[in-house]
Amino acid sequence: MWDAVKSMNKEGLLSLATFASVFSSYVAADRIREAIMAFEIMDNYGCVRDAFALNSLLSAICSNGRTLDACDYLQVAKKFVRPDTDTYAILMEGWEGEKSMVSAKETFAEMVIEIGWDPANVPAYDSFLCTLVRGHDGLLEAIKFVDSMRDRRCYPGVRFLKAALDECLKSHDVRTAEFFWEVLVVGKVVQPTAEMYNLMIGLCCYRGDTDAARRMLHEMVYQGAFPDVVTYNLLFKFLLKGRKLREASSVFAEMVQNECVPEQDNCDLAVKAYVDCGEPVMAIKVWKCLVENYKKGLEQTANFLVVGLCNLNRPQVAVKYAEDMIGRGISLSSSTLSKLRQSLVKERREYVYEDLLRKWKSP
């Protein structure tokens, strides 16, 4: 390798990229000391030992899970190279990968002393806060630091917000999620993604606040984040569970219009909810969507729908869909057919049942 470096030097082809490769090679071979020595002699080859070169070395060391070695050498290197924001961003990312909250705090404190507060230092703030939020009492720790950083007009970015919302969802901590959302999204620091909105909508739903979840849904478009299949299915499910069927119908219509397919479990839940509440029209709309998109696991909902239509005094409609189900190879139970027969007998339409029974028995 060094023969190649010397040859390149004679041809005037050496650059920082060459030494970055040297650093990575030594680190990969677990020869950290030799990587450091290569950095210390690079000016002998006409390459400047500046912050860019130092950061290249530290990045190679940290990427191999040796962030402590990188921090130790920084204390030496600071005597002849002034670190910059990227230097500390690299170290913070290293501690994040190693999940070391204590070390991250120490490096953060050093960073503030060495280079001060810098609103442009988002990568370092992101990595630092991501490390905190995933540690013990992480959400509480992150709140304290975000509050302190906000006073200095320094903020983390989108990566931290995603990590924080993930942690809030795990513990169903809506209030903390709202704090971060207020600071970073409402404060126009971070451009939220559809995934982040889905996390917030999920948190609102778990709290039982589907009204807030619906407001989030409508707000998304104005923030440049468009609802996706996850958004709609999440909200649709919780509206059904909360028996807010009018709102659920609106979400279902918007979902289908935007070519997002409801999950099969949600469709099953919806058919049952609409039948139970005496809304056969919506139950049938959902059933049509269900059979258009799914081919298996339809029997239970099919039987429930036919029996439900009979109980709602819609025997003719029940017959229509029972025939369609049989034609699709969906198995109707004998008890479902018995219920259908009882409804038709009341209307003196036994012949309709006999015709349906023949279709049911035919192979």
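Values as computed for the structure displayed
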{"read-out": "Relative contact order (percent, whole number), the chain, Cα cutoff 8 Å, 6+ residue spacing", "value": "7"}
{"read-out": "Loop-exposed chymotrypsin sites (Phe, Trp or Tyr not before Pro) per DSSP, neighbour cap 16 Cβ within 10 angstrom, longest uninterrupted part of the chain", "value": "118-293"}
{"read-out": "Loop sites in the range 243-328: GluC sites (Glu not before Pro), DSSP, at most 16 other Cβ within 10 Å", "value": "259"}
{"read-out": "At R0 = 45 Å, FRET efficiency that the Cβ-Cβ distance of residue 68 and residue 292 yields, to 0.05", "value": "0.20"}
{"read-out": "Extreme residue, positive dipole direction of the range 231-326, given options 269, 257, 291 (C-beta unit charges)", "value": "269"}
{"read-out": "In the range 1-104, GluC sites (Glu not before Pro) in a DSSP loop with at most 11 other beta-carbon atoms within 10 Å", "value": "11"}
{"read-out": "Three-way shape call for the range 185-227 based on the alpha-carbon gyration tensor, with the a/c threshold at 1.5", "value": "prolate"}
{"read-out": "Selected from 140, 172, 186, residue furthest toward positive end of dipole (the chain; charges at beta carbon)", "value": "172"}
{"read-out": "Fraction of alpha-carbon pairs over 29 Å apart in the chain - percent", "value": "60"}
{"read-out": "Furthest towards positive pole of dipole, 113, 55, 129, structure part the chain, Cβ charges", "value": "129"}
{"read-out": "Too-long pairs where the Cα-Cα distance tops 23 Å, listed order kept, from 244/295; 99/162; 272/361; 241/339", "value": "244/295; 272/361; 241/339"}
{"read-out": "Label-point separation, residue 354 to residue 31 (7 Å along Cα→Cβ), nm", "value": "9.5"}
{"read-out": "Rounded to the nearest 20 debye, dipole of the chain from Cβ charges on Lys, Arg, Asp, Glu", "value": "1860"}
{"read-out": "Accessible-area order (highest first, 1.4 angstrom probe) of the listed residues 189, 271", "value": "189, 271"}
{"read-out": "Area of residue 172 that stays accessible when all protein chains are in place (1.4 Å probe, Å², to 10)", "value": "100"}
{"read-out": "Bins of 5 Å, starting at 0 and running to the largest distance - Cα pair percent for the range 109-229", "value": "2, 11, 22, 24, 18, 13, 6, 3, 1, 0"}
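The values are calculated or read from the model by the stated rules, or taken from the named source; none is laboratory data. The structure displayed is predicted, hence computed values, not measured ones. Cβ sites come from the backbone with ideal geometry, for glycine too, and all protein chains shown count toward neighbours. Ligands, DNA and RNA are stripped out before the accessible areas are found, and what is left, the full protein with its side chains, is counted by its heavy atoms. Shrake-Rupley method; radii C 1.70, N 1.55, O 1.52, S 1.80 Å.
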